[in-house]
1. Residue separation times 0.36 nm, minus the C-alpha to C-alpha distance between Lys76 and Glu89: what's the value?
2. Averaged per residue, what accessible area in Å² does the stretch 20-81 show with a 1.4 Å probe, protein chains only?
3. Where in the stretch 1-76 are there GluC sites (Glu not before Pro) that are in a DSSP coil and have at most 10 other Cβ atoms within 10 angstrom of their Cβ?
4. Please list log₁₀ I(q)/I(0) at q = 0.15, 0.19 Å⁻¹ for the chain, using the Debye equation with identical point scatterers on the alpha-carbon positions.
5. Give a quick list of trypsin sites (Lys or Arg not before Pro) in the stretch 56-105 that DSSP marks as loop, anything other than H, G, I, E or B, with at most 15 other Cβ atoms within 10 Å.
6. Quick one: if the Förster radius is 41 Å, what FRET efficiency do Lys65 and Phe29 give, using the C-beta to C-beta distance and rounding to 0.05?
7. Just read off the accessible area of Ser119 with the full protein assembly in place, 1.4 Å probe, to the nearest 10 Å².
8. Give me the compactness ratio for the stretch 65-108, meaning the Cα radius of gyration over 2.2 N^0.38 Å.
Amino acid sequence: QVHLEESGGGLVQAGDSLRLSCAASGRGFTPDSMAWFRQAPGKEREFVSLIIWGSGRTAYADSAKGRFTISRDSAKNTVYLQMNSLKPEDTAVYSCAVRLESQSKYNYWGQGTQVTVSS
């Protein structure tokens with residue numbers, strides 16, 4: 001069992017920055033990748049970014065490219081999402097997820113952290 005806990009969300013103004021953190025815990029934690037998703041009110045959950053644990057390769061949704069940066073600290077089993085130049089459209093609950101090496105999907109999810117961006 002893997003437990004994820006996000007932190008770092010808050011209420012900010014357009015143009016501000018936030019750094020989200022997601023700390024993973026649990027025995028047998030061997031991630032293939034970790035990812036960030038978000039869900040705005042009335043909308044489906046959407047992919048934001050992911051990082052391949054071993055190589056450090058990253059991927060971003062078009063909406064995040066150039067503004068968001070995902071990173072990891074393997075020793076701490078923690079993934080970060082640095083968000084710059086935030087826009088009101090970024091307002092959502094941001095959740096992290098883990099895909100283990102032996103799995104084909106993201107089976108573990110955090111509870112999410114609220115990010116609200118005012119204009």
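The values are calculated or read from the model by the stated rules, or taken from the named source; none is laboratory data. Nothing here was measured: the structure is a model prediction, and the numbers come from that model. Every residue, glycine as well, gets a Cβ built from its backbone with ideal geometry; the counts of neighbours run over all protein chains shown. The accessibility values were calculated without ligands, DNA or RNA, using every heavy atom of the protein model including side chains. Shrake-Rupley method; radii C 1.70, N 1.55, O 1.52, S 1.80 Å.
1. So the chain would gain 1.6 nm between Lys76 and Glu89.
2. 53 Å²
3. Those that pass, being in a loop and sparsely packed, are Glu44.
4. -0.60, -0.95
5. On the way: sites: Arg57, Lys65, Arg67, Arg72, Lys76, Arg99, Lys105; in loops: Arg57, Lys65, Arg67, Lys105.
Those that pass, being in a loop and sparsely packed, are Arg57, Lys65, Arg67, Lys105.
6. 0.90
7. Ser119 exposes around 130 Å² with every protein chain in place.
8. Numbers: Rg = 13.1 Å, N = 44, 2.2 N^0.38 = 9.3 Å.
That ratio works out to 1.41.
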